[in-house]
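A.B. asks: This is the structure, below, for whatever I ask next.
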C-alpha cells in the first residue's frame, strides 16, 4: 500500500464508528481517538497508537475477529469495510510466511560472504552449482507468483519484508533459467512500482541500466534501451552520500556499468549516429578498470563488441577474453567453478579472423557451449552454436556446420531472439 498500512485503515474505520455512536466529539484530537479506540474495543492504548502510526502493519487475526463482532453490534454499516481489512490481514499473514520461507530457501543457495545486493548473492544464485536449470526456473516462477500476489492485494515491502529479496532473486533467476524474455516482462513493472521504496538510488539505477536495459541487446529495442538508460543516469545523478554508503558498488562504478551495458547495445544495434557516444565510452568509462570484477567483465565485453563492429578483430578477441577472465575470477571468489557469458564464443571467432588456428578456436567454442548448456542461458547457447556453425563452415565441414545451424535456428525461433541472432551473424561470428 502506497499511503497506509492495513492497521491504519482498520483504525480509521474504528474511529468513524466511534464518531457515529458519539464516543468521539467533532474536532477530537489524535490522543482522544487513541483513548476512545482502546476503551471501546478493549485494546491497550499503546496498541491503538501503533495502529494509527502504522508501526503495526496489520491487526492480528484474533483481535480482528473481536473487532468485527464489536462493530457488527455498534455500527453494522461499517462492517464490510473492516472485514476487507481483516481478510487482507489474514491473507497477508499467510503470504508473509510463504515469502519468508522462499527467501530463506533462496538464501541457502547464495553461499557465505554474500549479501542481497545486485552483484552479490542474487547473481551468485544464477550460477549456483547446486541449482540445475529446472530448479532455477521453479524458484523464479514461485518468486514471481508471490510478487504478483503481493501486488494484486496492494501490499508492499512494509507488509512483506521479504519482498525486496524475492524481486532481487527473480531478476537473475529468470535469465539463467533460459527464459530471458520473461525476465524482461516481469521485472520492469515490479521495479517501477516498488523499487524506489526499498532500494537506494545507486542499486535501483543498476537494475534499470543493467537488468532492464540488457534485454535490448537481445531484442534490438533501442527505444527501451534509451528509456532505461536515461532513468538509470538520472538516478545516479541524484544519488547522495547516504545512497553511496548503502551500496557496495560506488557511484562511479555504477556509472561504468550503465555506460557499458548501453555501449554493448549501441555497438550491436546502433547506426552511424552511435559513433560519437561509443567513442566517448571508449575514452571514458571504457578506459577505467572497475574494482568489481563482474562490472569490469561487462566493460571489457562492451569494448569487444565495439572493436568487432569496427573490424578490429585482434583487439576484439583480447577484450572478449579479458571479459571471460574477469567474470571467471568473480565467480571463483564465491567457489563457483564456471559460469556462462557469450564472450568466449565471440572471442574464438575474433581470434580466428585474426589468424588463430581453427582447432584452438573450436575448443573455445565448445567450452562456451558446454558452459551455456550447463547454466541453460539460451542467448549464450545461440552465440556458441552460431560460432560453431561458422568455424566448421570455414574448415569445410558442412555436415557439422548444418547440425549447429539447425540447433541455433530452433533456439532462436523458440525464444524470439531474431535480433540477437542477426547481430551475431552480421558482426560477431563471421569468419571472413
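The values are calculated or read from the model by the stated rules, or taken from the named source; none is laboratory data. Everything numeric here is computed off the predicted structure, so don't read it as measured data. Neighbour counts run over all protein chains shown; Cβ positions are idealised from the backbone, glycine included.
A.B. asks: Take the residues in the range 135-157 that are without any contact (Cβ under 8 Å) to a residue 12 or more places away in the chain and either within 12 Å of residue 376 (Cβ to Cβ) or surrounded by 15 or more Cβ atoms within 10 Å (Cβ to Cβ) (or both); name whichever of them is nearest to the chain's Cα centre (by Cα).
C.D. replies: 141
A.B. asks: Considering only the range 330-351, how many residues are closer than 23 Å to residue 217 by Cβ and assigned to a helix (DSSP H, G or I)?
C.D. replies: Here the count works out to 11.
A.B. asks: Suppose we filter the range 351-365 for residues that are closer than 16 Å to residue 424 by Cα and free of Cβ contacts under 8 Å to residues at least 60 places away in the same chain; how many remain?
C.D. replies: 2
A.B. asks: Here is a list: 266, 222. Which entry is out of contact with any strand residue (DSSP E or B) (no Cβ under 9 Å at 6 or more places or on another chain), surrounded by fewer than 24 Cβ atoms within 10 Å (Cβ to Cβ) and not assigned by TED's automatic domain parsing to the domain that holds residue 343? It would help to see each step written out before you state the result.
C.D. replies: Details: 266 fails: surrounded by fewer than 24 Cβ atoms within 10 Å (Cβ to Cβ).
Going through 266, 222 in turn, the sole match is 222.
A.B. asks: OK, next. Across the range 269-288, what is the total count of residues that are loosely packed, with under 12 Cβ neighbours inside 10 Å and closer than 26 Å to residue 124 by Cβ?
C.D. replies: Let us first name the residues in the range 269-288 that are loosely packed, with under 12 Cβ neighbours inside 10 Å, namely 271-273, 276, 283, 287.
Subsequent filtering for residues that are closer than 26 Å to residue 124 by Cβ retains none.
The total comes to 0.
A.B. asks: Kindly indicate which of 302, 316 is within 21 Å of the chain's Cα centre (by Cα), crowded, with 22+ Cβ neighbours inside 10 Å and not in a loop (DSSP other than H, G, I, E, B). Please lay out each step first, then the result.
C.D. replies: Details: 316 fails: within 21 Å of the chain's Cα centre (by Cα).
Testing whether each residue is within 21 Å of the chain's Cα centre (by Cα), crowded, with 22+ Cβ neighbours inside 10 Å and not in a loop (DSSP other than H, G, I, E, B) leaves just 302.
A.B. asks: Given the condition surrounded by fewer than 24 Cβ atoms within 10 Å (Cβ to Cβ) and either over 14 Å from residue 127 (Cβ atoms) or modelled with pLDDT of 95 or more (or both), answer yes or no: does some residue in the range 330-350 qualify?
C.D. replies: no
A.B. asks: Follow-up question, since we're still on this one. Consider the range 260-272. How many of its residues are at pLDDT below 95 and touching a helix residue (DSSP H, G or I) at 6+ places or on another chain (Cβ under 9 Å)?
C.D. replies: 1
A.B. asks: Scanning the range 366-380 for residues that are free of Cβ contacts under 8 Å to residues at least 60 places away in the same chain and within 21 Å of residue 414 (Cβ to Cβ), which turns out surrounded by the fewest Cβ atoms within 10 Å (Cβ to Cβ)? First the steps, then the outcome.
C.D. replies: Initially, the range 366-380 is screened for residues free of Cβ contacts under 8 Å to residues at least 60 places away in the same chain, giving 366-374, 380.
Add one more test, that the residue is within 21 Å of residue 414 (Cβ to Cβ), and what stays is 368-374, 380.
On the way: 368: 27, 369: 22, 370: 13, 371: 23, 372: 25, 373: 16, 374: 16, 380: 24.
The qualifying residue surrounded by the fewest Cβ atoms within 10 Å (Cβ to Cβ) is 370.
A.B. asks: Please state which of the following conditions residue 311 fails to meet, knowing it meets all the rest: (1) in a helix (DSSP H, G or I); (2) in the same structural domain as residue 341 (by TED's automatic domain parsing).
C.D. replies: Of the numbered conditions (1) in a helix (DSSP H, G or I); (2) in the same structural domain as residue 341 (by TED's automatic domain parsing), the odd one out for residue 311 is (1).
A.B. asks: Here's a follow-up. I'm trying to understand the selection: among the residues of the range 214-257, which are within 19 Å of residue 343 (Cβ to Cβ) and either touching a residue at least 40 places away in the same chain (Cβ under 8 Å) or in a loop (DSSP other than H, G, I, E, B) (or both)? Even if it seems obvious, please write down each step before you answer.
C.D. replies: Just the residues of the range 214-257 that are within 19 Å of residue 343 (Cβ to Cβ), to begin with: 214-218, 256-257.
214, 216, 217, 218, 256, 257, listed by residue number.
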